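What follows is calculated from the coordinates using simple rules that are stated; it is not laboratory data. Worth saying up front: this structure is predicted, and the values here are computed from it rather than measured. Positions of Cβ are backbone-derived with ideal geometry, glycine not excepted, and every protein chain shown enters the neighbour counts.
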Amino acid sequence: MLTSTHWGVYDIAVKDGKVTGVTPFERDPDPSPIGHSIPGAVQGPMRVRHPAVRKSYLEHGTSPASRRKRGADAFVNVSWNEALDLVAAELKRVTTQHGNSAVFAGSYGWSSAGRFHHAQSQVHRFMNCLGGYVAHLGTYSLGAARTLLPRILMDMDVMRSQQTAWVSLEQHCELLVAFGGVPSKNAQVNSGGISQHEVRPMLKRLAAAGVKFVNVSPLRQDFESAPGAEWVPVRPNTDTAFMLGLAHTLIADDKHDKAFLAKYCTDFEPFRKYVMGESDGVAKSAAWAAQICDVPAETITNLARRMAQSRTMINVAWALQRGDHGEQPYWMAITLACLLGQIGTPGGGFALAYGPVGIEGANARTVPGPLLPQGMNAVKTPIPVARITDMLENPGGKYDFDGKVCTYPDIRLIYWAGGNPFHHHQDLNRFVRAWRSKPETIVVNEQYWNPAAKFADIVLPANTMLERGDIGSSNRDRHMIAMKRVIDPVAESRSDYDIFSELSGKLGVKEKFTEGRNEAAWLRHMYDVARERAKKIGIEQPSFEAFWSEGLIEVPAPLEPAVMLKKFREDPVANKLPTPSGKIEITSPTIASFHYDDCPGHPAWFAPVEWLGSPLTKKYPLHLMSHQPSTKLHSQYDHGSVSVASKIQGREAMTLHPQDAAARGIKAGDVVRVFNDRGACLAGVKIDDGVRQGVAVLPTGAWFDPLDVTVDNSLEKHGNPNVLTLDKGTSKLTQGCTAHTTLVEVELFKGELPRVTAFDPPAFTSR
Ligand SMILES: Nc1nc2c(c(=O)[nH]1)N[C@H]1C(S)=C(S)[C@@H](COP(=O)(O)OP(=O)(O)OC[C@H]3O[C@@H](n4cnc5c(=O)[nH]c(N)nc54)[C@H](O)[C@@H]3O)O[C@H]1N2
Ligand SMILES: Nc1nc2c(c(=O)[nH]1)N[C@H]1C(S)=C(S)[C@@H](COP(=O)(O)OP(=O)(O)OC[C@H]3O[C@@H](n4cnc5c(=O)[nH]c(N)nc54)[C@H](O)[C@@H]3O)O[C@H]1N2
Ligand SMILES: [Mo]
């Protein structure tokens with residue numbers, strides 16, 4: 001039977017109630033191997049099998065001394081009834097005494113594919129039935145972009161839905177300049193599911209059609225699937241300077257498209273003065289940029305001239321905005337595309353981005369699929385998602401965000417379902433201190449005994465996509481998948497829906513939460529609502545029965561491949577943008593009016609707090625790139641066979657340039673200690689000259705595994721880069737996460753290697 005995951009559709013083989021194997025979907029031209037981690041994990045030893053409560057929480061409740069034992073305590077297995085009574089009583093106590101704004105249930109995380117059992121939607125719906133919760137705004141993925149883009153262009157999701165199709169590039173593009181490349185490792189996944197992986201085959205077709213590729217990135221591998229790609233190994237976090245150097249060359253050569261700038265943009269002049277050095281005395285020339293980016297000036301001037309002569313597409317990986325001043329490379333890339341004047345032409349302009357997820361650039365129609373309605377949240381104090389530690393540390397504290405001064409709520413209870421903050425958040429040692437001191441109660445619904453579960457007070461066992469019925473769908477994917485239940489729930493695990501249904505009964509809101517429906521009735525209802533919506537945009541879909549018995553439906557491809565901003569180019573008055581000027585805002589009077597010292601009214605170069613040009617390199621000379629892992633989705637299935645096989649002496653593999661390794665007496669296969677003032681972790685070593693010198697690459701995803709969990713800042717044994725990363729907002733405007741702005745040093749680890757315990761379940765005890 002078919003199941004859908006964020007990394008692909010698989011046919012699941014089952015024998016005698018046991019999952020025995022997976023076969024990739026037959027219509028997938030380039031399936032992801034990550035699915036092979038599923039069989040060993042779902043019925044394996046790391047599953048949470050019973051509801052469990054931390055021992056000292058059972059004995060001493062919410063006392064500060066008990067909170068400090070989070071992560072270090074044994075668990076006691078309890079009955080479902082006892083666990084849910086405890087959770088219901090705490091929710092009641094906290095909301096009655098402190099109000100719903102004392103509950104943080106933003107619950108960021110990708111959870112699993114499947115639109116009904118989407119854990120984050122389930123917890124939000126449940127909390128809304130109770131009167132609301134503190135939510136989060138934005139994502140770790142696109143923190144800076146999602147806030148910036150509506151001010152200067154349009155909503156990020158609307159923009160993504162019109163992203164120029166690969167087939168348009170195949171027919172018209174001559175030069176694809178990709179900042180951060182088009183990493184095929186990332187194109188394995190798509191939020192909600194992806195039934196056909198097309199990026200690698202498409203890049204081959206583009207090459208065959210004569211498209212030239214330029215990879216501006218610290219990593220050659222970022223464009224490894226593009227045949228013949230040229231590599232410009234820039235310093236990390238310096239792309240804005242690089243693009244300013246390109247812009248300076250275009251203006252100095254008088255090759256910028258003045259007609260386009262006048263007709264479609266506002267307001268070019270202040271930016272021009274900044275680039276040419278008329279406003280601050282510093283010309284942002286190729287020579288100026290070359291020093292910052294550590295590439296030859298001719299590379300920049302030559303590239304600018306090629307870009308002006310060719311049909312050029314500029315691609316900018318999401319990673320670039322996940323750093324200090326992350327809005328600048330995005331604003332600057334759009335501005336650069338305005339200077340070239342090719343926005344709205346087939347195969348030209350910009351893309352934000354091809355690669356981060358596999359669906360971008362697919363020739364697909366946007367069909368809104370089934371969704372679980374979440375209801376209305378009565379609590380109106382959401383936080384920017386990556387400001388969680390700040391929030392826990394500063395109840396009542398003020399912060400700037402997107403033109404407003406906001407106040408952090410005072411959080412007493414945290415409810416998490418479908419995310420792993422011990423994976424996703426930065427500066428984990430600081431995060432753990434806040435997690436262990438402030439909240440009185442932490443409830444987590446989890447499938448596996450990962451750190452999010454081990455550091456909670458009450459853990460409720462959630463089942464997996466194989467143990468429940470669901471609908472696999474993503475707005476731009478070509479298939480909708482009937483995800484039938486293939487095995488019985490493991491041990492006592494339940495779906496998040498069943499957990500919240502019973503909890504809502506104990507809290508007197510069952511009818512409101514369930515609307516009288518069980519799983520089967522919800523699937524039919526959600527499908528029918530979506531089918532009606534599809535009908536309105538001219539797409540006929542079969543009845544629920546026909547869909548369910550067929551196992552899938554296919555969405556027809558559009559006749560014309562998408563070209564972003566085509567209509568705007570045709571008629572910028574009739575099809576004006578939703579910005580104050582209706583045009584692309586190279587200068588934003590609104591942003592300028594905020595008077596932020598870290599984000600002026602047009603794109604500008606700011607040196608990040610940590611980078612290869614900063615004085616801190618004397619102590620920490622390597623820029624840490626903690627990019628997305630190729631062998632898993634974030635922390636999901638880190639314990640699976642595909643991820644485990646990629647580890648070195650049981651640790652996550654870090655890649656170094658041969659000279660950086662040699663200078664430290666390090667060779668491939670060694671274990672090293674990676675450290676800075678925020679923390680230290682161990683990692684295995686790979687050596688590759690496709691990494692820019694001065695850059696260390698340690699993917700995210702290793703389950704947080706401190707050597708001594710009872711002490712602060714203990715050595716992390718497994719290779720979780722977030723003990724090293726910077727936790728600071730991108731700027732006052734966007735407050736996104738800045739994981740990619742981090743300096744470290746690396747040394748050979750000497751002494752006895754501590755055993756990795758991340759994949760051991762916690763200790764259990766009786767009361
Ligand atoms: N250093 C660094 N850090 C980063 C990034 C980076 O580039 N560098 N990238 C960031 C980005 S872009 C993102 S999106 C985040 C990702 O961070 P997350 O989305 O939080 O990471 P996941 O590992 O996907 O966490 C999902 C969790 O949900 C659980 N789960 C799955 N299905 C279900 C279910 O049905 N029910 C329940 N209850 N639980 C379920 C899984 O077991 C897992 O623990 O990480 C961010 N962190
Ligand atoms: N296999 C797999 N795929 C995934 C995910 C996963 O966990 N596993 N996560 C998904 C998620 S949630 C997201 S948000 C997307 C994220 O998509 P991205 O944010 O684009 O992904 P990253 O892997 O962080 O970065 C891509 C590349 O950008 C380069 N880069 C980083 N910083 C800079 C810089 O300052 N300048 C330049 N020029 N290049 C830089 C790095 O070399 C890196 O390999 O990926 C998605 N895809
Ligand atoms: Mo993400």
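Annotations
- Reach of residue 380 by Cα under 17 Å, taken over lysines that are not fewer than 8 positions away in the same chain: 398, 404
- The value given for segment 267-415 is a Kirkwood hydrodynamic radius of 19.8 Å, derived from the mean inverse Cα-Cα separation.
- Sequence ranges 7-15, 201-209, 341-349, ranked by mean other-Cβ count within 10 angstrom, highest first: 341-349, 7-15, 201-209
- Distance between segment 14-86 and segment 564-632 - C-alpha centres, whole angstrom: 39
- The sum of -39500 (n - 2.57) across all DSSP H runs of n ≥ 4, divided by the residue count of the chain, sets its helix-only mean residue ellipticity at 222 nm to -8000 deg cm²/dmol.
- If you take all other residues with their beta carbon under 9 Å from the beta carbon of residue 622, and give Lys and Arg +1 and Asp and Glu -1, the sum is -2.
- Evaluated over segment 388-456, the Cα radius of gyration and Dmax, each in Å: 13.1, 41
- Length gained when the stretch residue 287-residue 545 is fully extended (0.36 nm per residue, less Cα-Cα span): 86.4 nm
- Equivalent ellipsoid semi-axes, segment 638-767, via Cα gyration tensor eigenvalues times 5, rooted, Å: 24, 21, 14
- For 410, 597, the sequence from fewest to most other C-beta atoms within 10 Å is 597, 410.
- Across all directions, the average flat footprint of the convex hull enclosing the Cα atoms of segment 46-121 is 6.8 nm².
- Hull shadow area, averaged, segment 551-669 [alpha-carbon convex hull, nm²]: 15.7
- Flagged links, alpha-carbon separation over 30 Å, of 632/732; 512/576; 454/632: 632/732; 512/576
- Share of Cα-Cα pairs in the chain lying beyond 44 Å, as whole percent: 23
- Here residue 617 and residue 280 are evaluated by their C-beta separation; at R0 = 25 Å the FRET efficiency comes out at 0.50.
- Considering only 599, 354, 456, and ranking their Cα positions along the charge dipole of the chain that arises from unit charges at the beta-carbon of Lys, Arg, Asp and Glu, the one farthest toward the positive end is 456.
- Segment 149-290: translational diffusion in µm²/s, Stokes-Einstein, Kirkwood Rh over Cα pairs, 10 °C, 1.306 mPa s: 91
- Within the chain: Cβ-based charge dipole about Cα centre, in debye rounded to nearest 20 (Lys, Arg +1; Asp, Glu -1): 540
- Counting every other Cβ atom within 10 Å of each residue's Cβ, 606, 704 order from fewest to most as 606, 704.
- Candidate lysines - alpha carbon under 20 Å from residue 15, same-chain residues fewer than 8 apart omitted: 484
- Kyte-Doolittle at least -0.5, axis length at least 24 Å by Cα - qualifying DSSP helices, the chain: 80-98
- Of all beta bridges that DSSP places with both ends in the chain, some 50 percent have antiparallel geometry.
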